[in-house]
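Trainee: Dropping a structure here in structure tokens format, bear with me for questions.
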Amino acid sequence: MFTSVRKMIALGAGLAAVVGVLSAATASGAADHGNSRTKPTVVLVHGAFADSSSWNGVVTRLRRDGYPVVAAANPLRGLASDAAYVDATLRTITGPVVLVGHSYGGTVITNAARGNAGVKALVYVAGFAPDNGETPNQIQTRFPGSTLGETLEPIPLGNGAVDLRVRQDSFPQQFAADAPLQDAQLAAVAQRPINAAAFDEPSGAPAWQSIRSYFLIPTGDKSITPAAHQFMAARAKGVTVTVAGASHAVLLSRPDITARLIERAAQETS
């Protein structure tokens with residue numbers, strides 16, 4: 001009889017311990033969830049000749065630090081439709097947003113954030129930040145030196161429409177010279193072409209006029225010249241971080257620096 005009682009007491013103590021562990025885990029999970037809710041959601045918009053996987057290193061760091069993250073699949077069909085898609089994505093998110101664009105994705109966020117009170121900061125990662133009526137090609141012409149055009153090959157779509165992609169053999173040096181070669185080669189294979197007409201589509205009124213902006217400028221960028229980056233950042237009165245020697249794909253080669261600037265934008269605008 002005493003043996004049975006002792007067994008029952010031991011079983012009860014064991015169950016109590018399990019319940020205690022589960023309760024602590026639940027409380028911890030709730031606390032973690034609460035902490036993540038206090039942070040803005042980071043929405044990442046890739047540019048031309050890329051896809052959302054180019055953000056993987058950045059996403060890993062942001063999530064580790066408790067930030068909710070959404071990587072929007074930029075359609076790359078035209079500025080108006082691409083911005084409308086990102087705008088629709090933003091409207092599914094509750095709470096403040098830090099909106100980040102790389103390369104052509106900068107043009108998209110400049111338009112997608114317009115009139116959206118939930119967007120608290122814009123982060124341009126080697127990104128275009130056009131003014132009203134301005135196009136990416138106009139910026140490239142104003143600040144010559146880009147060698148991107150020499151690496152592009154057309155994909156005729158019919159009816160005069162053309163997509164563009166970077167030749168795979170040229171991609172590592174043109175786009176991601178400071179990234180590990182294997183990563184650059186994988187990015188070359190995974191790249192998504194862009195409709196050529198998107199580069200000549202005028203921007204609308206820029207969101208950076210009313211939303212605080214941050215610019216990550218790689219000095220080794222061969223696709224958008226550093227002079228162009230500096231001009232756009234100064235015009236937008238943006239916070240500027242320069243990365244010496246970094247390539248156009250700075251998000252791929254320097255995800256730690258990229259994530260730090262995004263987190264700085266989140267902290268300073270929260």
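Trainee: Would you tally the net charge around A246, using a Cβ to Cβ cut-off of less than 12 Å, leaving A246 out, and scoring K and R as +1, D and E as -1?
Mentor: Spelling it out: positives minus negatives among the neighbours equals -1.
Trainee: Hey, another quick one. Provide the percentage of antiparallel DSSP beta bridges, counting only those with both residues in the chain; round to the nearest 5.
Mentor: DSSP beta bridges in the chain are roughly 25 percent antiparallel.
Trainee: For the chain, what is the charge dipole size about the Cα centre, in debye to the nearest 20, if Lys and Arg each add +1 at the Cβ and Asp and Glu each add -1 at the Cβ? Don't skip to the end; give the middle numbers.
Mentor: On the way: 22 positive and 19 negative charges, 222 e Å.
Here the size comes out at about 1060 debye.
Trainee: Report the relative contact order of the stretch 133-270, percent, no decimals, based on alpha-carbon pairs under 8 angstrom and at least 6 residues apart. Display every interim value, and only then the final one.
Mentor: Values: 192 pairs, mean separation 36.6, N = 138.
The value is 27 percent.
Trainee: Also, I was wondering about something else. Under 1.5 on a/c is rounded, so check that first for the stretch 183-257, then, if it is not, pick prolate when a/b is larger than b/c and oblate when it is not; a ≥ b ≥ c are the square roots of the alpha carbon gyration tensor eigenvalues.
Mentor: oblate
Trainee: What is the total of Lys pairs in the chain with C-alpha atoms under 28 Å apart, excluding same-chain pairs fewer than 8 positions apart? Intermediate values should be presented prior to the final figure.
Mentor: Working: K39/K120; K39/K237; K120/K237; K222/K237.
Value for the chain: 4.
Trainee: Just name one of V239, N111, T269: the one whose Cα is farthest towards the positive end of the charge dipole of the chain (beta-carbon charges, Lys/Arg +1, Asp/Glu -1).
Mentor: Of the options given, the answer is T269.
Trainee: Give me a comma-separated list of calculated 3J(HN,Hα) values for the stretch 172-181, in order, Karplus coefficients 6.51, -1.76, 1.60 applied at θ = phi - 60°, integers in Hz, x for any Gly or Pro.
Mentor: x, 6, 6, 9, 9, 5, 9, 8, x, 4
Trainee: Moving on. By DSSP, what percent of the beta bridges with both residues in the stretch 130-267 are antiparallel, rounded to the nearest 5?
Mentor: DSSP beta bridges in the stretch 130-267 are roughly 60 percent antiparallel.
Trainee: Just to confirm, what accessible area per residue do you get for the chain at 1.4 Å probe, in whole Å²? Show your work: numbers first, answer last.
Mentor: Details: 12440 Å² over 270 residues.
Per residue, the chain has 46 Å² of solvent-accessible surface.
Trainee: Show me the trypsin sites (Lys or Arg not before Pro) within the stretch 80-147 that DSSP assigns to loop and that have at most 13 other Cβ atoms within 10 Å of their Cβ.
Mentor: R91
Trainee: Further, regarding this structure: With the chain treated as a Gaussian network of Cα nodes joined by springs under 10 Å, which of G127, G160, G105 yields the largest mean-square fluctuation?
Mentor: Maximum fluctuation in the GNM of the chain, among the listed residues, is at G160.
Trainee: With r as the distance between the Cβ atoms of D256 and E150 and R0 = 30 Å, compute the FRET efficiency 1/(1 + (r/R0)^6) and round to 0.05.
Mentor: Efficiency for this residue pair is about 0.45.
Trainee: Just check the stretch 75-116 against the gyration tensor rule for me: Cα atoms, a ≥ b ≥ c as the square roots of the eigenvalues, rounded for a/c under 1.5, and otherwise prolate or oblate depending on whether a/b exceeds b/c.
Mentor: Prolate, since a/c reaches 1.5 and a/b exceeds b/c.
Trainee: Any idea how far the Cα center of the stretch 89-105 sits from the one of the stretch 176-248, in Å?
Mentor: Spelled out, the Cα-based centre of one part sits 16 Å from the other.
Trainee: Quick one: how many Å² of D256 are accessible to a 1.4 Å probe, rounded to 10?
Mentor: For D256, solvent-accessible area is about 70 Å².
Trainee: Can you give the extra length, in nm with one decimal, that the chain gains between T92 and A205 once fully stretched, where that is 0.36 nm per residue apart less the Cα-Cα distance? Walk me through the numbers before you get to the answer.
Mentor: Values: separation 113, 0.36 × 113 = 40.68 nm, distance 2.30 nm.
The span from T92 to A205 would gain 38.4 nm if fully extended.
Trainee: Rounded, prolate or oblate: which fits the chain when a ≥ b ≥ c are the square roots of the eigenvalues of the alpha-carbon gyration tensor, with rounded for a/c under 1.5 and prolate only if a/b beats b/c?
Mentor: Note, shape of the chain comes out prolate.
Trainee: Still on this structure, please answer the following. Relative to the Cα centre, what is the charge dipole magnitude of the stretch 129-270, using +1 at the beta carbon of each Lys and Arg, -1 at the beta carbon of each Asp and Glu, and rounding to the nearest 20 debye?
Mentor: Charge dipole, the stretch 129-270, about its Cα centre: 320 debye, nearest 20.
Trainee: When DSSP beta bridges are limited to those with both residues in the stretch 60-166, what percentage is antiparallel, rounded to the nearest 5?
Mentor: Of all bridge pairs located within the stretch 60-166, approximately 50 percent are antiparallel.
Trainee: Run the accessible area of the chain with a 1.4 Å probe and give the carbon-and-sulfur part as a rounded percent.
Mentor: Answer for the chain: carbon and sulfur cover 57 percent of the accessible area.
The values are calculated or read from the model by the stated rules, or taken from the named source; none is laboratory data. Just so you know, these numbers come straight off a predicted model, no measurement behind them. Here Cβ is always computed from backbone atoms with ideal geometry, including for glycine, and neighbour counts include all displayed protein chains. For accessibility, only protein heavy atoms count, side chains too; no ligands or nucleic acids. Shrake-Rupley method; radii C 1.70, N 1.55, O 1.52, S 1.80 Å.
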